[in-house]
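One structure coming up, written as structure tokens, with questions to follow.
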Amino acid sequence: MGEQISFEITAAPGFDKQIGELVSMMNYVRTTTLLAVEGLDTRHLDYLHDDKSNSIGGLLSHMASIEFIFQSLTFENKEPDEKAIAQWRPSLELGDLGRKEINGKPLDFYLDRLHKTRELTLAKLTDLNDDWLYEKRELGGQPSNNYFMWFHVFEDELNHRGQIRWLRTRAEESL
């Protein structure tokens, strides 16, 4: 990977100040996620610690699916259509469906999904200003705004990155 990690939150160039700071945080989280999966093969990506756990591949796919959902909610101001939901369902739900359907793929498959969803996010964010962050939304029946929703995207990634690190250690011990 060889990427330099910055421990500074700064406004990423090409964005309004606060959006750029949000992007800076998203970039840090993504870099650390990529480092957590670097070099994994399909056996590691498909490893299930027990019959209730999710695989590393499933968690990576889930990260991309969450970002896709929030793109629709915040950039398009709508729920994704049923066709899109059906495409992402195993990644969104994980559990039994994810264990059944998310496997057998190389790391590049998951990295490509993450990259493509993030590429679209960044392209959309360049066209917005900081006021957009404070536009009112509803999330799970609770008051929210775009700022929280995009914080939640990388908060979810951070949570699952921790699971990935834990699973990687178990997979390396078991395989």
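The values are calculated or read from the model by the stated rules, or taken from the named source; none is laboratory data. In this text the structure is predicted, and so the values were computed from the model without any measurement. Every residue, glycine among them, receives a Cβ derived from its backbone with ideal geometry; neighbour counts consider all protein chains shown.
Within segment 128-135, does at least one residue satisfy the condition of being surrounded by fewer than 16 Cβ atoms within 10 Å (Cβ to Cβ), over 18 Å from the mean Cα position of the chain (by Cα), in a helix (DSSP H, G or I) and among the polar types (S, T, N, Q)?
For segment 128-135, residues surrounded by fewer than 16 Cβ atoms within 10 Å (Cβ to Cβ), over 18 Å from the mean Cα position of the chain (by Cα), in a helix (DSSP H, G or I) and among the polar types (S, T, N, Q): absent.
Go through segment 33-83 and give me each residue that's under 30 Å from Asp131 (Cβ atoms), polar (S, T, N, Q) and assigned to a helix (DSSP H, G or I).
Result: Thr33, Ser65, Gln71, Ser72, Thr74.
Would you mind stating whether Ala84 is over 12 Å from the mean Cα position of the chain (by Cα), among the hydrophobic types (A, V, I, L, M, F, W, C) and modelled with pLDDT under 95?
Yes.
Of the numbered conditions (1) closer than 23 Å to Leu22 by Cβ; (2) free of Cβ contacts under 8 Å to residues at least 60 places away in the same chain; (3) surrounded by 20 or more Cβ atoms within 10 Å (Cβ to Cβ), Lys124 satisfies every one except a single condition; which is it?
(3)
Out of all the residues in segment 66-86, which are in contact with a helix residue (DSSP H, G or I) (Cβ under 9 Å, 6 or more places away or on another chain) and free of Cβ contacts under 8 Å to residues at least 60 places away in the same chain?
Phe68, Ile69, Gln71, Ser72, Phe75, Lys78, Glu79, Pro80, Asp81, Ala84, Ile85
Here's something else I'd like to know. Can you confirm whether segment 154-171 contains a residue that is in a strand (DSSP E or B) and either modelled with pLDDT of 95 or more or more than 12 Å from the chain's Cα centre (by Cα) (or both)?
Looking for residues that are in a strand (DSSP E or B) and either modelled with pLDDT of 95 or more or more than 12 Å from the chain's Cα centre (by Cα) (or both), one finds none in segment 154-171, hence no.
State yes or no: is Arg89 among the charged types (D, E, K, R), in contact (Cβ under 8 Å) with a residue 24 or more places away in the chain and not in a loop (DSSP other than H, G, I, E, B)?
Criteria not met by Arg89.
Quick one: would you say Tyr110 is among the aromatic types (Phe, Trp, Tyr), over 24 Å from His49 (Cβ atoms) and either under 20 Å from the mean Cα position of the chain (by Cα) or part of a strand (DSSP E or B) (or both)?
Considered against the rule, which asks whether it is among the aromatic types (Phe, Trp, Tyr), over 24 Å from His49 (Cβ atoms) and either under 20 Å from the mean Cα position of the chain (by Cα) or part of a strand (DSSP E or B) (or both), Tyr110 comes out as no.
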